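Take a look at the structure below.
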Amino acid sequence: MKRLSLLFLPLLISFTLFAQESVVDYVNPNIGGIGHMLQPTRPLVHLPNSMMRISKEPKGYQNQKIEHFPFSIVSHRKGTIGKFMISQKAISNNPKDWESDYDHDLEEAKPYCYSVLLEDSDIEMQVTASEHVSFSKFSFTDKAPATLYLQTRNIGEFNISVKDNVIKGFDMITAVDGLDLIHPVKVYFAGKFDQKLSTYGTFDSKQINAKNKSISGEEVGTYLSFDNTAKDLHLKIAVSYLSTDEAENHLNSEIPNWNFNEISEKHKQIWNKALSKIKIKGGSQDQKIVFYTALYRCYERMVNISENGKYFSNYDQKIHHDEGVDFFVDDWVWDTYRATHPLMLIIDPENQSKKINSYVKMYEQGGWMPSFPLFTGDHTCMNGNHAASIITDAYFKGLHGFDIEKAFEGLKKNELEATMLPWKNGPATELDSFYHDNGFFPALKIGEKEWVKEVHHWEKRQAVALTLGHSYDDWCIAQLAKDLDKKDDYKLFSEKSNNYKNHFDSEIGFMAPKSADGEWIRPFDPKLSGGLGGRAYFAENNSWTYTWDIQHDVAGLITLMGGNENFNTKLDQLFVEPFGIPKWDYWDIFPDATGLTGQFVMGNEPSLHIPYLYNYSGAPWKTQKRIRYLMDVWFTNSPFGICGDEDGGGLSAFYVFSAMGFYPVTPGIPEYNIGSPIFEEITIDLGNNKKLEITAKNCSDKNKYIQSASLNGKELKGPYFKHADIINGAKLVLEMSDRPNKTWGTNPKFVPYSMSKD
């Protein structure tokens, strides 16, 4: 028996280690902490899709100091409420006196816990977060008294209950991204600490009020001092959009004790379960870290704001019962419709259904289908009616837990009655009427001054981008109309989905702007025209990017360009086309064009589907080559590891899909394009004991090319597969090699969907 035990002991240890694998510890939230030109990422501590989100301030990996921590971050990159910090310096009402140096070498960032040494006072701080509560632990080296500071960012109030060790109050959100809100929002909070106070008070920018228990006004705060620093100090802060009482309920129900390690471990297991929806084998350690970090970021949006069956909606400024269906907000759908929503539909369909149900509720409450549904209301950033995409995609992939008739009503109303102008709410303008009558959005002629007052002074008309984006949205709505037997709507929106063709200038071979008289704008440079961000004609990018932005009809674009050979030649050129001017001058015009590979912009979402377009034009091996290159170069395990604005899963979902070997080029069509996986084995938990297993035989850094493919034992003749063929469980097998197979997937009979070939 002893010999048998010794024989099987290594196997037992190996099995135990495998069983205890914690994929969440692959996550490195500091990836992308140094922004390429624009916004860096945050090392957010939160639970999947939770309302409580916390990270050090100021954001950015290169900052040398921590000024404070917010009570919560109500919008992914913007919009924090409250702030708190601890110090062992003399009591002060100046926030500059509370801040502390820190060292990344003495920092640990995980999705479930952030720890850091606050060097100025030699205090070790740890923080974890439940759905609505942050929980901090402070450990002291110096046994001198310590002071906690809590302050509102805007107009708010504090009330201290010394007897109960509780603080309550609210902070008011009055603006987002510098825009004043029509309806400001109160965010309530409650805090609790586990030591007896030695002294306390309130403060504002003018004075400190010792022993004062209440204060209200702008940027007001409270200080709480403790003498007993021989033991750890713990602090809980809960937020609520309903009331201070509800915030206090969260304190007691979500974190009922003061055992930090126990609570942190609980949150770790929640994250591990969420991230384990996808298991991978093979690849390098860095590739696994990048993969699971990207997957973690896909759980930032949308945010569940239901609180014990109720939620506050700023779409009608009322408290609602959620009727058993959680209410979600905070979605930058211009980014997330492309890959984030399709990914979550696969791995988290229950919540995806709730998110879409929330879109319908927001339409019912506010009168318009939202395009940028923040907690504070529809912010209408960017352009497009891309709720049409996420709803159509879910519907045709079998997700029906929402009112499709009401959803269609809202999408149709937006498309025909709302303005298309970016950063603008409200009814259609004369420019929208022109679009509906003529099939293209008119641009200003060179030197012509803007006369339409609704046009945003900085975002401009974005004329070509609007037409292209709405052509795709109209195609989505047409598909719904067809399935819902709305014949007139199907005819109308099908015709409008062809409007993209009105912007293709065959003389230059690019999508280009037209003036109201139907004439092409001249002069026009596909690289440089359009002013800052190209916004007179496009949005953040130039025509080299937007010419390919025809997700619903790639075959139609190929026809416009003169066939596969011309299409592939131009697509090849995209990745090598020079700037034409010095790079610093180019970025002066296009600061959002990050992750540049020729004129291809890896760091901006309208480019995400472009490398897959070779699958439509008889050269899928080029897609395989490009995808591998782009992942290797632009997505790395470093503070520079995300090459653009990571809009809560916008870029990360591209990496998750592409690393697994497939991608949803056209949300709304229940199929996926095949690329080139970087892992040997991928297992996706589809729920109900069903799995999608992907095996990439002989996969390696060099072996990036697909030689053959089979799905459930049947040969795949085209570089794509259907959602219906995988969602009930499937096995995809790819044979990989270091040489391209230039015949696999090239049969023109087996090409991914395009409207023109429907």
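Between GLU119 and ASP101, the contour length at 0.36 nm per residue exceeds the alpha carbon distance by 5.9 nm. Among LYS318/LYS496; LYS424/LYS570; LYS424/LYS449; LYS482/LYS570, which pairs are too far apart, with a Cα-Cα distance over 29 Å? In this structure, LYS318/LYS496; LYS424/LYS570; LYS482/LYS570 exceed 29 Å between Cα atoms.
Please sort 484-490, 200-206, 511-517, 339-345 by packing, taking for each peptide the average over its residues of neighbouring beta carbons within 10 angstrom, highest first.
Packing proxy ranking, top to bottom: 339-345, 511-517, 200-206, 484-490.
Applying 1/(1 + (r/R0)^6) with r as the Cβ-Cβ distance of GLU681 and THR743 and R0 = 30 angstrom yields a FRET efficiency of 0.70. Computed from Cα positions, the angle between helix 564-574 and the longest principal axis of the chain comes to roughly 40 degrees. Note on LYS318 and PHE750: their simple-model spin labels are 5.5 nm apart, each label 7 Å out from Cα toward Cβ. What the Cβ-Cβ distance of SER708 and GLN285 gives, at R0 = 35 Å and to the nearest 0.05, is a FRET efficiency of 0.75. Given +1 at the Cβ of Lys and Arg, -1 at the Cβ of Asp and Glu and no other charges, the dipole of the chain around its Cα centre is 1720 debye to the nearest 20. Positive-end ranking of TYR612, ASN249, ILE91 along the dipole of the chain, with charges on Cβ about the Cα centre, is headed by TYR612.
Three principal axis extents describe the C-alpha atoms of region 504-600; from largest down they are 36, 34, 22 Å.
Using alpha carbons only, the radius of gyration of the chain set against its Kirkwood radius gives Rg/Rh = 0.98.
Assuming charge only on the beta carbon of Lys and Arg (+1) and of Asp and Glu (-1), the dipole of region 259-413 about its Cα centre is about 560 debye to the nearest 20. With R₀ set to 30 Å, the beta-carbon distance separating ILE182 from ASP488 gives a calculated FRET efficiency near 0.25.
Based on C-alpha pairs under 8 angstrom that are at least 6 apart in sequence, region 59-164 has a relative contact order of 24 percent. Annotation note: GluC sites (Glu not before Pro) in region 240-341 located in DSSP loop regions with a Cβ neighbour count of at most 13 within 10 Å are GLU323. The angle separating the long axis of helix 260-275 from the principal Cα axis of greatest extent in the chain is about 10 degrees.
Of the beta bridges in the chain, as assigned by DSSP with both residues counted there, near 95 percent are antiparallel. Taking Cα atoms only, the orientation of helix 2-19 departs from the longest principal axis of the chain by about 80 degrees. For the peptides 372-384, 97-109, the ranking by mean Cβ contacts within 10 Å, running from highest to lowest, is 372-384, 97-109. Per-residue packing, averaged as other Cβ atoms within 10 Å, sorts the ranges 643-654, 217-228 into the order 643-654, 217-228, beginning with the highest.
Each value in this text was obtained by applying a stated rule to the coordinates, not by laboratory testing. Remember, it's a predicted structure, so these values are computed and weren't measured experimentally. Here Cβ is always computed from backbone atoms with ideal geometry, including for glycine, and neighbour counts include all displayed protein chains.
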